[in-house]
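A short worksheet on the structure shown next.
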Amino acid sequence: MPHQPADLLRDAAWLVLTGATSAVGQAVAAAWREAGGPVLGVSRMAEGSGCDDWVVGDLRSPWSVADRVRTAVANRPVGALVHAAGLVYADAAVRTTPDEWDQTMAVNLTAAFALARTLAPLLTAPQGVVLVGSIDAHWAPRDGPDAAYGAAKAGLLGLVRHLAVEWGPAGLRVNVVLPGPMTSGMGVSAEMAAARGAGAVDGQWTSPAEVAAAVFFLLTARGITGQALAVDHGWQLGY
Ligand SMILES: NC(=O)c1ccc[n+]([C@@H]2O[C@H](COP(=O)([O-])OP(=O)(O)OC[C@H]3O[C@@H](n4cnc5c(N)ncnc54)[C@H](OP(=O)(O)O)[C@@H]3O)[C@@H](O)[C@H]2O)c1
């Protein structure tokens, strides 16, 4: 039997969630809590609504945040990790500074590895690990250069495959979702959206709720591991 939301209610397992303050993160937290599990958010801010507890930390220093998360989850049943935090400078490659490159790698890629590596041995009721990537892992926007971001998100594709093989025998699944452009958060502005128009096959933009639904699906879909699931309204199918 697939693991259903009712099982989560019974397990009351914690979800560790980075990017918990983003629209995607808030929707993921709401879905997990609705299924009966508490959420430990990771954020640079002190506190906010939507999570049951918080670890305050800056993922530009991913290893120290991972240590803080390890301390926070001690003696708590932990079921899943969702890494939804993301950072983009969206600048031309020749203007990207070494510091911007390092920060982009740290928040998008190294933090995913640091947290997964820290939590994997501690998961007592494993649902899995889901990372939030981007279709920029595969495709480069002509009107918004972001080579560092694209490289970091592409790194997540390799990361989930290798971790899925390494941790599969322990029953831990690792997947990544690839959202298309959204008109929220770090996505396109209203002006850019109007000028560019959605490149998706149905003319729609990806919504945070759609991304969160895919994240929740992958958390609970036994039998799926090492996969990259695009949530982009078919954006990458046409050109
Ligand atoms: N928006 C899009 O068009 C789009 C498209 C494809 C993929 N994505 C991906 O979807 C995810 C959510 O994107 P979004 O646009 O909704 O994000 P957003 O609103 O810009 O929020 C970014 C999130 O990342 C966290 N974050 C950023 N830097 C951090 C740092 N140094 N330390 C800790 N947390 C940090 C923020 O947390 P705090 O500020 O609370 O610390 C916030 O929750 C990201 O992984 C992004 O790459 C977005």
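The values are calculated or read from the model by the stated rules, or taken from the named source; none is laboratory data. Worth saying up front: this structure is predicted, and the values here are computed from it rather than measured. Here the Cβ positions follow ideal geometry from the backbone for every residue, glycine too, while neighbour counts run over all protein chains shown.
Among the conditions (1) within 26 Å of Arg60 (Cα to Cα); (2) surrounded by fewer than 23 Cβ atoms within 10 Å (Cβ to Cβ); (3) in contact with a helix residue (DSSP H, G or I) (Cβ under 6 Å, 6 or more places away or on another chain), Gly199 misses just one, which is (1).
Within the stretch 171-190, residues that are more than 6 Å from the ligand (Cβ to nearest atom) and charged (D, E, K, R) have Cβ atoms under 7 Å from residues that are at pLDDT below 95 and in a strand (DSSP E or B) in these pairs: Arg173/Gly128, counting only partners at least 6 apart in sequence or on another chain. Screening Gln127 with (1) within 16 Å of the chain's Cα centre (by Cα); (2) in a helix (DSSP H, G or I); (3) among the polar types (S, T, N, Q) gives one miss only, at (2). Here Ala80, Ala106, Ala72, Ala85 are screened, and the one residue that is within 11 Å of the ligand (Cβ to nearest atom), touching a strand residue (DSSP E or B) at 6+ places or on another chain (Cβ under 7 Å) and within 23 Å of Leu15 (Cβ to Cβ) is Ala85. One residue stands out among those in the stretch 156-172 that are within 22 Å of Asp232 (Cα to Cα) and in contact with a Gly (Cβ under 9 Å, 6 or more places away or on another chain): the one that is surrounded by the most Cβ atoms within 10 Å (Cβ to Cβ), which is Leu156. For Ser134, the test of being free of Cβ contacts under 8 Å to residues at least 24 places away in the same chain, within 12 Å of the ligand (Cβ to nearest atom) and of a type in the set (Ser, Thr, Tyr) is failed. Of all residues in the stretch 142-154, those being closer than 20 Å to Gln103 by Cβ and surrounded by fewer than 22 Cβ atoms within 10 Å (Cβ to Cβ) number 6. Just one of the listed residues (Leu156, Leu218, Leu163) is away from the ligand (no atom under 12 Å from the Cβ), within 15 Å of the chain's Cα centre (by Cα) and assigned to a helix (DSSP H, G or I), and it is Leu218.
Scanning the stretch 55-68 for residues that are crowded, with 22+ Cβ neighbours inside 10 Å and assigned to a helix (DSSP H, G or I) yields Pro62, Val65, Ala66. Residues in the stretch 88-103 that are away from the ligand (no atom under 14 Å from the Cβ), in a helix (DSSP H, G or I) and free of Cβ contacts under 8 Å to residues at least 40 places away in the same chain: Val94, Arg95, Pro98. Would a scan of the stretch 57-67 turn up a residue that is touching a Gly at 6+ places or on another chain (Cβ under 7 Å) and modelled with pLDDT under 95? Among the residues of the stretch 57-67, not one is touching a Gly at 6+ places or on another chain (Cβ under 7 Å) and modelled with pLDDT under 95, which makes the answer no. Ala66 meets each of the listed conditions (1) out of contact with any strand residue (DSSP E or B) (no Cβ under 9 Å at 6 or more places or on another chain); (2) farther than 15 Å from Leu17 by Cβ apart from (2).
Note on the stretch 26-54: among residues that are among the hydrophobic types (A, V, I, L, M, F, W, C), assigned to a strand (DSSP E or B) and within 12 Å of the ligand (Cβ to nearest atom), the one that is surrounded by the fewest Cβ atoms within 10 Å (Cβ to Cβ) is Trp54. Report whether or not Thr118 is over 28 Å from Trp205 (Cα atoms) and surrounded by fewer than 17 Cβ atoms within 10 Å (Cβ to Cβ). The answer is no for Thr118.
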